[in-house]
Number of protein chains: 4
Amino acid sequence: MSEGSDALSTAVVGGSGFTGGELLRLLAGHPGFEIVQATSRSYDRKTVGSVHPNLRELDLRFTDPAELESVDVLFAATPHGVSMERIDEFFDAADTVVDLSADFRLNTAEAYEEWYDGHDAPEYLDRAVYALPELTREQLPGADLIASGGCNATATILGLKPLVDAGLLAADDRVVVDVKVGSSEGGAGGGAASSHPERSGVVRPYAPTGHRHEAEIETFLGLDVAFTAHAVDMVRGASATGHVFPEPVSKGDLWSAYREAYEEEPFVRLVAGGSGVYRYPEPKAVAGTNHAEVGFELDPGNGRVVTFSAIDNMMKGSAGQAVHAANVAFGFEETAGLEFGGLHPVGSP
Amino acid sequence: MSEGSDALSTAVVGGSGFTGGELLRLLAGHPGFEIVQATSRSYDRKTVGSVHPNLRELDLRFTDPAELESVDVLFAATPHGVSMERIDEFFDAADTVVDLSADFRLNTAEAYEEWYDGHDAPEYLDRAVYALPELTREQLPGADLIASGGCNATATILGLKPLVDAGLLAADDRVVVDVKVGSSEGGAGGGAASSHPERSGVVRPYAPTGHRHEAEIETFLGLDVAFTAHAVDMVRGASATGHVFPEPVSKGDLWSAYREAYEEEPFVRLVAGGSGVYRYPEPKAVAGTNHAEVGFELDPGNGRVVTFSAIDNMMKGSAGQAVHAANVAFGFEETAGLEFGGLHPVGSP
Amino acid sequence: MSEGSDALSTAVVGGSGFTGGELLRLLAGHPGFEIVQATSRSYDRKTVGSVHPNLRELDLRFTDPAELESVDVLFAATPHGVSMERIDEFFDAADTVVDLSADFRLNTAEAYEEWYDGHDAPEYLDRAVYALPELTREQLPGADLIASGGCNATATILGLKPLVDAGLLAADDRVVVDVKVGSSEGGAGGGAASSHPERSGVVRPYAPTGHRHEAEIETFLGLDVAFTAHAVDMVRGASATGHVFPEPVSKGDLWSAYREAYEEEPFVRLVAGGSGVYRYPEPKAVAGTNHAEVGFELDPGNGRVVTFSAIDNMMKGSAGQAVHAANVAFGFEETAGLEFGGLHPVGSP
Amino acid sequence: MSEGSDALSTAVVGGSGFTGGELLRLLAGHPGFEIVQATSRSYDRKTVGSVHPNLRELDLRFTDPAELESVDVLFAATPHGVSMERIDEFFDAADTVVDLSADFRLNTAEAYEEWYDGHDAPEYLDRAVYALPELTREQLPGADLIASGGCNATATILGLKPLVDAGLLAADDRVVVDVKVGSSEGGAGGGAASSHPERSGVVRPYAPTGHRHEAEIETFLGLDVAFTAHAVDMVRGASATGHVFPEPVSKGDLWSAYREAYEEEPFVRLVAGGSGVYRYPEPKAVAGTNHAEVGFELDPGNGRVVTFSAIDNMMKGSAGQAVHAANVAFGFEETAGLEFGGLHPVGSP
């Protein structure tokens, strides 16, 4: 656990889930935050390490989520719907709330009516800043309600944003996004479909249409996308392949657009061609890290640009992005606590 | 090995590869064929079972591919380029040749110039019948050169054909096909990218544009498709997701189109919704079998139909399809030798 | 579903579990049995194919387990404890009961006190025949209560039995058995430890000591074994490695012992050395089949013989063994319904 | 790459292999070393990141291994036999050599005759210090030839050492060690058995007897072990299960022995029982880290103690251990560069 008089006192609500565990790992290694509470209804009083074996050295026990301590920052890693119910309570306990669920990502109550089951605390929606720092960096400093972007939305947006910024894609252009995701997206709960015998080796369409992340993508990228997700056999990772049909472009145009978008970004790297095994973005190359790999290929015969982006859904798609956003919000070094660069080789990852 | 005076004497050239092994497995259990030779340069004189452990009971040794025996039927499971070189030799040895490579799938020497490195025996191209029985069943009886359809092409064509047949897709409609394939597509040879440490847990774009199977798809489906393939972590399987934007259709229209296309087909089943874990086509559900699962979903918000198809690339995508085609060609029961219905649960598969 | 006036009418109780699904698959392809009922509390009235996607063509719906039909044979694939509670009811409905649980494997109520939580119907224990046909074939014809052997016990017993039969192992010799098992052993229910994120890529000791199958092994092999099981990343399969320290033996002695034990066995094959990738028994080589592979290696430096055995825990370790036993009991061909020889390559398996 | 005038200039010979890549990752993040050269015959002049995608940010290209630069420290991550051939050359270039191969682990030329194919530079054997810091920490300061311990030997020794130290195991006690290893042990080269289709889902006995690591174990633990290794489906990891039959002991005795051995060790943690999924050592819990998990279970019925140990074979079993040893040798903080604590959940790992 990070120590020091200047560190912000920090709570993680929902600490026994996969995302909560990632938050605890990152915050424990971060000089700017000091974890003072991690809550879990199911594992109340158990050590954090009994649930997250990588944190066995962490001297911390889960506490009842009903009794929040007073802190500088509260990270909420709870299922959809919990944060909107408890948001007043969160702000009673903390000055700043970083929410990792979908509860404050969209701007309007109407959007929650359309895509979710409505919203319990719509008065907070204006106050929340959507956190995908590559997109909303300038709105983060000073924000006190941060809504960390969703994993599939993040992968999709990062892959397509350079084309939009460069004027190569118009709002009504037809865009297909085909996403492949790992089993950690389903969370620690599981169910029959998540059991190892049923989930091993799959290519399984899920939410083949109408995925809720379409709403985030449309709102923040300004683009309608025809989105389909498939479960594949990995634990961590989301890979988004975009199929777009812009006006004729050259490979040079694409390189310019992507370099322009990301050359200053600490967590985005361009991977498009080259030699060896890893010539395009893939989740294995970023497993465990907050990096996103983004790339593209030109298909002149079909008038198509194929875009690729790969993230670790638990990191750049969730806990890592939340910490990155908090770093920006509090003026810390952007990469603080997020320095791990990944492994090679790595399995699932 | 099947016995009986009426069985056709049969050779498998390239018997130590994955596809050759599948052929040997299927033919050994088929009443209409009697295996008299299996060739392998690398494993000359070794037992078939020393390479393919599921065939340890088969009393057969590989022989040198240079010395072909005289047979009724020769199945060639050799790498691209070998069959076109040896096709005269094959016909010296056999009355009928069933080729599993890409060497005789396309119709013209020009197509081979465009998509491959040209063709050594273009005079055979007219004679060859492309074998995807759901498409070309009527041309197969009596054919003496059968070119078994490619795995990714088969998955793609089966998913989209009902829309084309029903007039819901026009030749110039924009169609995206995003395919996920298992490691057995790479064959027994392997290389760094196929090694277990590098191949486990991947979502890896490969041949992101310009995949050669586009040629088959365009030729036999009459449709340009923007095709991209990804390697994922399974051994057997190909899953093709089509994203198409037809004129407005209802779910009933789609059911009609797909039922019309496949209700008589012994190896195609429609899977589109329902309850439980397996609501859409997936490779696990057909692993080891010659079945294809085909399905769809309607995305009214985006004016899109998403199509799904799943096959075992070694079976319906290769050896199974070749045997199915031979069954039709020789007038055997279509399902002869292809009765295995698969397992549940199954891992990779 | 098999038809024919001579087939035995058959029920499967517990048909929606993994083992029940395997039974339904095998019986549906078996000429001697006709499935008339498959029960499932959770999936009452659902089609069998909605749970077991490999059986989508089977025209059968689950029924309530409380309402058993009158049949010739009832296969019970229920969790431990159910069969002993319902055994009277089972015999009211059926002439012959084949039980796949542990409820009737041991001989005495005392053994159930020691290893389980006692027994509800000890009066049936004498009547039950333990079914591991390689061991108890002669007791099976005419048996009306058949207790199919457990997966880990089967793998262990098959590996060591030749040494016992040949007098190379005495009852008090020290024997270590280290078993590796797939996730299907945990059944369809699952839990946190069985979820894909937690179960992928594991080598996880479970029941490191005191595994209940020790009781079966001691009872039927006449040998105390120090048994430890590990969960590893496969779906189907159990692999048992025995470490034994007999009086000095030669490799020839071992070959004699193993050949003597198994040369007539239709489902056991010896694999001990040779060339290629598959030189020792491994679960991949028998996945989906009722085969067991058995082998050994000599370690003269340590005075040790290492024995290997590999089975598909769902087949030779459960449903396949039950059908094999029923074949013997009813005088069918021993391999009836169990002809499938497996695939190569196969993933998980 | 670490910078700073006080850092030791460092070369990695064999930098494109898996172990070499791990070394480069660790050294690049280590304040005490500055990488000045990484050699690779196959990838000469390619960027390190083109082979190891986690190191894409590293500004370094491979160079020809024939042209060694003058450095303070040279780490050799080459196949067995290379270091013994080039050792004079290594010392011409460097003051200190840390060798990760087996070339300098054993003490005598005779041992190399017995277990390997002899030795080319036996005059160096006395000079080399075997590096398993938990065992040989005191010999490391000032050593100029460090032979980093093997992965399977490390896992085995760490699991059994407390029993030996506590006098619970005598030199002639019978000890069985059954090891399960991941595919990265085979290195980046691969071959048919390492290809994804053949290696996925395996439980494959390899080197079932006569494994060369027996020599290390006997030499440094002073115990003969009957050792057998199995390949299982993970990429990183080695898990060693020891089956030992000591004089009667209590669980308290075992806890005392293990605590005594490891309570001061920064990289060893005891895991023996408790609640949750991770109750015993497993490779997933230490993937990517230099930690070893060690534990045990008592089997009174069989007079047995089962010991468990789990490491990441690339880290505590290779590169991490080498860096740890170098830290001790040069007086750095023992955990310098080795702080990463791992991920949860993690797949393969």
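Annotations for the structure displayed:
- Residue count for the stretch C:244-287 under the criterion of being among the charged types (D, E, K, R), in contact (Cβ under 8 Å) with a residue 60 or more places away in the chain and away from chain B (no Cβ under 14 Å): the result is 3.
- Check on residue D:234, more than 26 Å from residue C:243 (Cα to Cα), modelled with pLDDT of 95 or more, at the interface with another protein chain (Cβ under 10 Å from one of its Cβ atoms) and not in a helix (DSSP H, G or I): no
- Test: residue in the stretch B:211-220 that is crowded, with 24+ Cβ neighbours inside 10 Å and at pLDDT 90 or above: yes
- Among the residues of the stretch C:133-171, the ones that are under 30 Å from residue C:232 (Cα atoms), in the same structural domain as residue C:219 (by TED's automatic domain parsing) and of a type in the set (D, E, K, R) come to 1 in all.
- Filtered residues of the stretch C:268-291 (kept if hydrophobic (A, V, I, L, M, F, W, C), part of a loop (DSSP other than H, G, I, E, B) and within 19 Å of residue D:196 (Cα to Cα)): C:277, C:287
- Filter result for residue B:295 (modelled with pLDDT of 95 or more, over 18 Å from residue B:185 (Cβ atoms) and in contact with a Phe, Trp or Tyr (Cβ under 6 Å, 6 or more places away or on another chain)): yes
- Residues located in the stretch B:311-344, provided they are within 14 Å of chain C (Cβ to nearest Cβ), in contact with an Asp or Glu (Cβ under 6 Å, 6 or more places away or on another chain) and either closer than 12 Å to residue B:27 by Cα or hydroxyl-bearing (Ser, Thr, Tyr) (or both): B:319
- Which numbered condition residue D:261 fails, given (1) surrounded by fewer than 19 Cβ atoms within 10 Å (Cβ to Cβ); (2) assigned to a helix (DSSP H, G or I): (1)
- Unmet requirement for residue C:255, which otherwise passes all of (1) in contact with a Lys or Arg (Cβ under 7 Å, 6 or more places away or on another chain); (2) at pLDDT 95 or above: (1)
- Residue count for the stretch D:292-341, restricted to those that are over 16 Å from residue D:163 (Cβ atoms), among the β-branched types (Val, Ile, Thr) and outside any loop (DSSP other than H, G, I, E, B): 3
- Residue that is within 24 Å of residue A:41 (Cβ to Cβ), over 22 Å from the mean Cα position of the chain (by Cα) and at pLDDT 95 or above, where the choices are A:77, A:93: A:93
- For the stretch A:268-277, a tally of residues being in contact with a helix residue (DSSP H, G or I) (Cβ under 7 Å, 6 or more places away or on another chain), surrounded by 14 or more Cβ atoms within 10 Å (Cβ to Cβ) and at negative phi returns 3.
- Residue pairs meeting the criteria (Cβ under 7 Å; at least 6 apart or on separate chains; first surrounded by fewer than 22 Cβ atoms within 10 Å (Cβ to Cβ), in the stretch B:141-154; second polar (S, T, N, Q)): B:144/B:96
A quick yes/no check of all residues on (1) assigned by TED's automatic domain parsing to the domain that holds residue B:104; (2) in contact (Cβ under 8 Å) with a residue 40 or more places away in the chain; (3) basic (Lys, Arg); (4) not in a loop (DSSP other than H, G, I, E, B):
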| position | (1), (2), (3), (4) |
| --- | --- |
| B:19 | yes, yes, no, yes |
| B:27 | yes, yes, no, yes |
| B:36 | yes, no, no, yes |
| B:43 | yes, no, no, no |
| B:50 | yes, no, no, yes |
| B:67 | yes, no, no, no |
| B:73 | yes, yes, no, yes |
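- Only one of the listed residues (D:309, D:318) is at pLDDT 95 or above and closer than 30 Å to residue C:307 by Cβ. That residue is D:309.
- Restricting attention to the stretch A:97-113, the residues that are buried (at least 19 other Cβ atoms within 10 Å of the Cβ) and out of contact with any helix residue (DSSP H, G or I) (no Cβ under 7 Å at 6 or more places or on another chain) total 2.
- Selection status of residue D:44, at pLDDT below 95 and surrounded by fewer than 21 Cβ atoms within 10 Å (Cβ to Cβ): no
- Taken as a whole, the condition of being surrounded by fewer than 23 Cβ atoms within 10 Å (Cβ to Cβ) and in contact with a Leu (Cβ under 7 Å, 6 or more places away or on another chain) does not apply to residue C:116.
- Counting only residues that are more than 18 Å from residue C:69 (Cβ to Cβ), buried (at least 24 other Cβ atoms within 10 Å of the Cβ) and either more than 14 Å from every other protein chain (Cβ to nearest Cβ) or touching a Pro at 6+ places or on another chain (Cβ under 7 Å) (or both), the stretch C:6-41 holds 1 of them.
- Some residue of the stretch B:308-329 being surrounded by fewer than 24 Cβ atoms within 10 Å (Cβ to Cβ) and more than 16 Å from the chain's Cα centre (by Cα): yes
- Of all residues in the stretch B:182-218 being under 16 Å from residue D:197 (Cα atoms) and of a type in the set (Asp, Glu), the one that is nearest to the other protein chains (Cβ to nearest Cβ): B:198
- Within the stretch C:323-333, the set of residues being more than 15 Å from residue C:139 (Cβ to Cβ) and in contact (Cβ under 8 Å) with a residue 24 or more places away in the chain comprises C:323, C:332.
- Any hit, the stretch C:243-257, residues being in a strand (DSSP E or B) and surrounded by 20 or more Cβ atoms within 10 Å (Cβ to Cβ): yes
- Within the stretch D:180-212, the residues that satisfy the criterion of being part of a helix (DSSP H, G or I), touching a Ser or Thr at 6+ places or on another chain (Cβ under 7 Å) and closer than 19 Å to residue D:236 by Cβ are D:183, D:186, D:194, D:196, D:199.
The values are calculated or read from the model by the stated rules, or taken from the named source; none is laboratory data. All values derive from a computational prediction rather than experimental measurement. Every residue, glycine as well, gets a Cβ built from its backbone with ideal geometry; the counts of neighbours run over all protein chains shown.
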